[in-house]
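Down below is the structure, laid out as structure tokens.
The values are calculated or read from the model by the stated rules, or taken from the named source; none is laboratory data. Nothing here was measured: the structure is a model prediction, and the numbers come from that model. Here the Cβ positions follow ideal geometry from the backbone for every residue, glycine too, while neighbour counts run over all protein chains shown.
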């Protein structure tokens with residue numbers, strides 16, 4: 001004998017499987033595009049790790065607002081969130097590569113200049129997206145014809161989980177982009193220096209490549 005749950009439980013499992021495959025497929029396509037453009041496995045892993053860690057902000061937002069994890073709407077919010085996070089990290093890493101690799105700036109100066117040059121675009125992306133989704137998160141319905149503002153309308157309840165996931169996830173991911181990404185870029189080059197100094201102790205004294 002086999003017992004299978006039908007109805008809403010079956011639909012939820014199907015939606016979970018579909019969104020899981022869609023998320024993995026999206027990450028795979030993003031990884032292929034990043035790998036071909038940056039020609040760097042480390043930069044690709046760094047950007048994708050920021051997308052995965054942004055889900056921490058999504059769960060924090062659901063806990064703060066007291067909402068449940070909706071498979072469909074929260075999952076769609078996480079997938080939509082990945083696009084914004086990837087674009088912010090691409091802008092940051094591309095500017096760093098231009099300053100450090102092409103213009104030959106020192107490592108620390110290149111990282112500081114990258115943060116200063118891209119601080120406003122990253123913040124503008126985050127602020128405009130968050131402010132645009134706040135009415136949906138607070139279930140605000142604005143009727144421009146009658147000039148009435150209502151809260152908790154049935155038409156707004158469907159989008160609450162999606163907007164909450166994007167608002168808190170993007171807010172958390174912005175901190176990751178401006179703090180974690182520059183630190184990870186510094187760590188990569190520090191690790192290279194440490195590796196060469198450990199394998200070839202005379203490398204720092206000679207100042208040349210082994």
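Quick look at the numbers
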quantity	calculated
Single unsatisfied condition, residue 112 versus (1) modelled with pLDDT of 85 or more; (2) in contact with a strand residue (DSSP E or B) (Cβ under 6 Å, 6 or more places away or on another chain)	(2)
Hey, residue 82 in a helix (DSSP H, G or I) and within 17 Å of residue 176 (Cα to Cα) or not	yes
Filter result for residue 135 (free of Cβ contacts under 8 Å to residues at least 40 places away in the same chain and surrounded by 14 or more Cβ atoms within 10 Å (Cβ to Cβ))	yes
Qualifying residue in the stretch 2-20 (condition: over 16 Å from residue 165 (Cβ atoms), exposed (fewer than 13 other Cβ atoms within 10 Å of the Cβ) and either in contact (Cβ under 8 Å) with a residue 40 or more places away in the chain or under 19 Å from the mean Cα position of the chain (by Cα) (or both))	no
